[in-house]
Ligand SMILES: Nc1ncnc2c1ncn2[C@@H]1O[C@H](COP(=O)(O)OP(=O)(O)OP(=O)(O)O)[C@@H](O)[C@H]1O
């Protein structure tokens, strides 16, 4: 599939401080790509350079095959973005903002659509100075989406959103991707990102630590068999004596091998008269996989 974004050997410094080191990645058309990493890793800086909002010292950025620099923005015509805090004028209403930003025909229809989808109808005519953090954030998202962009860059869009709004945003993004849009999104709310993204780019200290599909990243993590029993302490002791590797935590968490046999484990419970209340398989989530990757990155320094 064609790439909508190619970032090649990108270096960026602020003064003498180098913050991006030889960043290389591609984003395929129609994918939802998550940018994750610790505070200060370089996520916003990558997004800003991709959008031509800040210069860079070395490398190349191509959006739809055309170069982007701090002074060359032609290929960004069909790109929508929310970067850090949305730039909002306090004395204009949300609707005024949308009218200002909407271009081309069909403006009113697109405004109605995005306002309804983001459930902003109740306050869209109020001046933005009276908006809560979440309302401002939603207006920022609406502005990023209003012109039906092909490529959407969202830096921490879930900031300040309540769970219902997070779900709305997820549905909107999924629908956009199904209709062919490409999305690059950063968030610290990994549980939300996990439900949304196809691919994950992990950034640490200005370097790409990993680029893979979400599935591949979480598959690499450990898998556990979690058993809830009437006597977890006794069960843990018996399993440990039988040579099983147990995970951290108060519940009975057995590190699952490939083709793990359940029978001997269940027999251990039955033979010792320990009632089993529940059995689950647990796969590593994005947070666990990310922490493991970052820990490896510390070790290789
Ligand atoms: N305008 C600036 N001037 C100087 N240094 C900056 C500037 N903007 C960012 N930095 C530095 O660049 C590095 C990367 O910052 P960036 O904001 O890209 O990180 P981030 O991954 O988005 O972090 P967070 O998750 O906290 O938002 C940090 O060390 C930061 O201090």
Look through region 1-28, keep the residues that are assigned to a strand (DSSP E or B) and at positive phi, and return whichever of them is surrounded by the most Cβ atoms within 10 Å (Cβ to Cβ). 22
Pairing a residue in region 155-170 that is in contact (Cβ under 8 Å) with a residue 60 or more places away in the chain with any residue that is in a loop (DSSP other than H, G, I, E, B) and within 16 Å of the ligand (Cβ to nearest atom), where Cβ atoms lie under 8 Å and the two sit 6 or more apart in sequence or on different chains, gives 155/83; 155/84; 156/84; 156/187; 156/188; 157/187
Could you check, for region 193-202, whether at least one of its residues is part of a helix (DSSP H, G or I) and either within 16 Å of the ligand (Cβ to nearest atom) or surrounded by 22 or more Cβ atoms within 10 Å (Cβ to Cβ) (or both)? yes
Between residues in region 26-53 that are free of Cβ contacts under 8 Å to residues at least 24 places away in the same chain and residues that are more than 13 Å from the ligand (Cβ to nearest atom), which pairs lie under 8 Å by C-beta distance while being six or more apart or on different chains? 26/3; 26/5; 26/6; 26/7
Are any residues in region 170-192 modelled with pLDDT of 90 or more, part of a helix (DSSP H, G or I) and under 15 Å from the mean Cα position of the chain (by Cα), and if so, which ones? 170, 171, 172, 173, 174, 177
Could you list all residues from region 39-63 that are surrounded by fewer than 22 Cβ atoms within 10 Å (Cβ to Cβ) and in a strand (DSSP E or B)? 58, 59, 60, 62
Which one of 160, 94, 180 is on the phi > 0 side of the Ramachandran plot and touching a helix residue (DSSP H, G or I) at 6+ places or on another chain (Cβ under 6 Å)? 160
Could you check region 253-278 and list, in sequence order, the residues that are modelled with pLDDT of 90 or more and part of a strand (DSSP E or B)? 276, 277, 278
Any hit, region 92-113, residues being closer than 30 Å to residue 126 by Cα and within 16 Å of the ligand (Cβ to nearest atom): no
Do we find a residue being at pLDDT below 95, surrounded by fewer than 22 Cβ atoms within 10 Å (Cβ to Cβ), part of a loop (DSSP other than H, G, I, E, B) and within 12 Å of the ligand (Cβ to nearest atom) anywhere in region 29-38? yes
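The values are calculated or read from the model by the stated rules, or taken from the named source; none is laboratory data. Just so we're clear, the structure is a prediction, and the values are computed from it rather than from any experiment. Cβ: placed from backbone, ideal geometry, glycine included. Neighbour counts: every protein chain shown.
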